[in-house]
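The values are calculated or read from the model by the stated rules, or taken from the named source; none is laboratory data. Just so you know, these numbers come straight off a predicted model, no measurement behind them. As a convention, Cβ positions derive from the backbone with ideal geometry for all residues, glycine included, and neighbour counts pool all protein chains shown. Please note that ligands, DNA and RNA were not included when accessible areas were found on the heavy atoms of the full protein model with its side chains. Shrake-Rupley method; radii C 1.70, N 1.55, O 1.52, S 1.80 Å.
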Amino acid sequence: MDFITDMYTSTKHKSVSDAMNGADRKFFIENRGQWHSDVLYLCRMGGLDVWITKYGVNYTFYKVERAENRSFRYGYAYSMTDKVSNEIENTILLGHRVLYELQNHNPNPQTEGKQRQEGYYNYLIGNDPSKHASYVGLYKEALVKNVYNGIDLRYYFDKGYLRYDYIVHAGADPSQIKFKLRGQYNDFVKDGKLVYTTRFGEVALAELHTYQGNTTIQSKFVKQGDVYTFALGNYDRSKDLIIDPLVYSTYLGGTSNDYGYGIYVDSSGSAYVTGYTNSTDYDITPGAFQTTNGGGLDVFVTKLNATGTALDYSTYLGGSNGEEGRSIYVDGSGSAYVTGYTQSTDYDVTSGAFQTTNGGSWDVFVTKLNATGDQLLYSTYLGGSADDYGYGIYVDGSGSAYVTGYTNSTDYDITPGAFQTTNGGLVDVFVTKLNVTGTALVYSTYLGGSGYDGSYGIYVDGSGSAYVTGYTGSANYDITPGAFQTTHGGGSTDVFVTKFNATGDQLLYSTYLGGSADDYGYGIY
């Protein structure tokens, strides 16, 4: 479904900006012909569009990324002044769509909107009046009736969170409920949660809450091939049954601009988030490592509890100039490893770190926080005399951190005997493995041809082989014999997927992926 432009009107004459801020934004917009007939309602939240359809729910995750982070691939770079003055023009919309597709459902369910709001939307798009829709209703609750025989789906908000329940009416058979996921990278059931991965990280449907009145019924997600359903304990079939997959969603941020870029979920369901903020009042917990904004853009590292209702800890990271957090990983002890890039010469680095001073304008940083977020276990710069950007991090079982991104430094730190010891062009990928204390490099290598090459994602398997992906504009990027695609497909960039051996001095395989236009790789698992 295409993104559309809509107009909001209020019976109390609220302005568009007032109406679209805060709690007013959380409602279900009915379909009165402005969208495809399969759509029943649309709910728009920050970074997420939820399309409720006849065949299930279409979740569209998105974020706007500033284009200066990709400027090198087109052969130029912005100054900081340019970044501000061209903030709107130099943005790219990134999205990922995942469909919860109901199986063997009623193709024509009935709908009922509840708690209608005072405002409404007018859709006056294009010059065909037959496709216009006026006085489109907004509701706090949407009921889709009889999606299966005797089973309704109720969508609503609870404490600001989007929720949905299956209402299994007396005598109905809950085993009718079956669904597939489409569009996700991976999906699995873990610790009672249904988890799927997107380009932006993991999304979890927490354990089921199934009940009749005050009585809780045992229940869990079950995967049968590529179809999900529910396994239920005994219950009274003469009464209504509510199956409630617990989901949480929350805002994080202060009064200025806040951007989330990396997320990791530990085995207990706690979410660790990083990004960057311009807010001096971002939510920081007492006793955190850094409780005030160091200046301009600062990294944040925030740990949410498993229900998304409270912060376990939240801290700034940053010096007097700008820095951005891009990726986060958490080890088995709860220590968070963060990477990104900083322009500060006073970014917090630890004594004995591998690189204690900023090598150039923008340097990579790698920072390890303790489990309570109040102390640095290590923190180091990585970078040469030009610009260096960290975008992906992974930590192996021994505690060694693997970092990737891109650099236009010809003097980025490379270890002897590495696979590629010199910069192949203006901008190259780097892959760097730090020791467990952040005091030395285990290996560090360039990766790239004569064009523009950058990496966004890294994964390491049990044998220590690192897999990286990103984009390449090089026709002479290193490709291994017999690879899936041995020549550049066309356009400015192709995806690459490259696997290193455990010592970083040899490619086990490397391939292009791409067609005749532009292609970019953002995540790998």
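Less than 5 angstrom separates the built amide H of Lys220 from those of Ala231, all sequence-distant by 5 or more or on a different chain. With R₀ fixed at 41 Å, the C-beta to C-beta distance from Asp236 to Glu118 puts the FRET efficiency at about 0.50.
Can you give the FRET efficiency for Lys180 and Asn214, using 1/(1 + (r/R0)^6), R0 = 25 Å, r = Cβ-Cβ distance, to the nearest 0.05?
Numbers: r = 33 Å, r/R0 = 1.33.
That gives a FRET efficiency of 0.15.
Spin-label model, Asp281/Tyr55: points 7 Å from Cα along the beta carbon direction are separated by 4.6 nm.
Modelled spin-label separation between Gln224 and Ser465, with each label point placed 7 Å from Cα along the Cα-to-Cβ direction: 3.7 nm. When the surface is traced with a 1.4 Å probe over the full set of protein chains, Val57 keeps roughly 10 Å² accessible.
The spacing between region 406-471 and region 301-369, judged by their C-alpha centroids, is 20 Å.
Mind ranking 426-432, 314-320, 256-262, 299-305 by how tightly packed they are, going by the mean number of other C-beta atoms within 10 angstrom, highest first? Intermediate results must be reported in sequence, preceding the final value.
Working: 426-432: 26.4, 314-320: 21.9, 256-262: 17.6, 299-305: 24.3.
Answer by packing, highest mean first, reads 426-432, 299-305, 314-320, 256-262.
The relative contact order of region 238-383, computed from alpha carbon pairs under 8 Å that lie at least 6 residues apart in sequence, is 19 percent.
Got a sec? Charge dipole of the chain, +1 on Cβ for Lys and Arg, -1 for Asp and Glu; which of Val136, Thr367, Tyr272 is way out at the positive end? Of Val136, Thr367, Tyr272, it is Val136. Label zone (Thr309, point 7 Å along Cα-to-C-beta; backbone nitrogen cut-off 18 Å) within region 263-301: 268-271.
Based on the convex hull around the alpha carbon atoms, region 221-304 presents an average projected area of 9.4 nm².
Where does the Debye-calculated log10 I(q)/I(0) of region 98-176 sit at q = 0.15, 0.26 Å⁻¹, using only Cα point scatterers of equal weight, no solvent? Taken in order of the listed q values, log10 I(q)/I(0) reads -0.72, -1.18.
Derived scalar couplings between HN and Hα for region 378-395 equal 7, 7, 9, 7, 9, x, x, 7, 9, 8, 9, 10, x, 10, x, 9, 9, 10 Hz in order, rounded to whole Hz, by the Karplus curve 6.51 cos²θ - 1.76 cosθ + 1.60 (θ = phi - 60°), x for Gly and Pro.
Taking θ as phi - 60° and the Karplus parameters 6.51, -1.76 and 1.60, the scalar couplings of region 406-411 work out to 8, 8, 10, 7, 8, 10 Hz in sequence order, x denoting glycine and proline. Remark: for residue pairs Lys26/Lys190; Lys54/Lys180; Lys193/Lys303; Lys180/Lys499; Lys114/Lys303; Lys140/Lys193, the C-alpha separation exceeds 25 Å in Lys26/Lys190; Lys180/Lys499; Lys114/Lys303; Lys140/Lys193. For Gln103, the amide hydrogen comes within under 5 Å of the amide hydrogens of Lys178, Phe179, Lys180, counting only partners 5 or more places away or on other chains and with H modelled in the peptide plane.
The equivalent ellipsoid of region 367-474 has semi-axes of 24, 15, 13 Å, largest first, where each one is the square root of 5 times an eigenvalue of the Cα gyration tensor.
First measure r as the distance between the Cβ atoms of Asn146 and Arg97, then evaluate 1/(1 + (r/R0)^6) with R0 = 41 Å and state the FRET efficiency to the nearest 0.05.
Calculated value: 0.95.
Rounded to the nearest Hz, the phi-derived 3J(HN,Hα) couplings of region 127-136 under the Karplus curve 6.51 cos²θ - 1.76 cosθ + 1.60 (θ = phi - 60°) are 9, 9, x, 5, 9, 7, 9, 10, 6, 6, where x marks glycine and proline.
In percent, how large is the relative contact order of the chain, given Cα pairs closer than 8 Å and 6 or more residues apart?
Values: 1424 pairs, mean separation 37.4, N = 525.
Once normalised by length, the contact order is 7 percent.
Dipole of the chain computed with +1 at Lys/Arg Cβ and -1 at Asp/Glu Cβ about the Cα centre; of Trp35, Gly473, Tyr166, farthest Cα towards the positive end is Tyr166.
Per residue, the average separation of C-alpha pairs within less than 8 Å and at least 6 apart gives region 94-181 a relative contact order of 30 percent.
Hey, what's the Cα Rg ratio for the chain versus the globular rule of thumb, 2.2 N^0.38 Å? Walk me through the numbers on the way to the answer.
Working: Rg = 24.8 Å, N = 525, 2.2 N^0.38 = 23.8 Å.
Cα Rg divided by the expected 2.2 N^0.38 Å: 1.04.
Amide H contacts for Lys190 (H built 1.01 Å from N in the peptide plane; partners 5 or more residues away or on another chain; cut-off under 5 Å): Val195.
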